[in-house]
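Structure, as structure tokens:
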Amino acid sequence: MKPIITVTELQEISHQENIIILDARTGQNARENYLQNHLKDARFIDLDKDLAEIGENAAFGGRHP
């Protein structure tokens with residue numbers, strides 16, 4: 001399975017029970033933007049907080065997608 005799919009591919013599989021849609025956003029207003037405009041039943045994850053290990057100071061490196 002590819003990690004990124006097209007809109008058409010998502011529409012074809014979205015009815016399946018084992019599908020979880022993750023809305024990965026970043027930025028200062030990531031959660032607010034998600035709440036205002038997300039796909040039905042999508043779950044919010046913050047790209048910087050949930051999928052990265054930036055640490056207190058990004059200048060010292062870390063892990064980011």
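The values are calculated or read from the model by the stated rules, or taken from the named source; none is laboratory data. Here the structure is a predicted model, which is why all the values come from computation and not from measurement. In case anyone asks, the SASA skips ligands and DNA or RNA and just uses the protein heavy atoms, side chains included. Shrake-Rupley method; radii C 1.70, N 1.55, O 1.52, S 1.80 Å.
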Checklist outcome for this item: Over region 1-42, with neighbouring protein chains present, the accessible area per residue in Å² at probe 1.4 Å is 91 Å²
Checklist entry - Using a 1.4 Å probe on the protein chains only, how many percent of the accessible area of region 16-59 belongs to carbon and sulfur? => result 43 percent
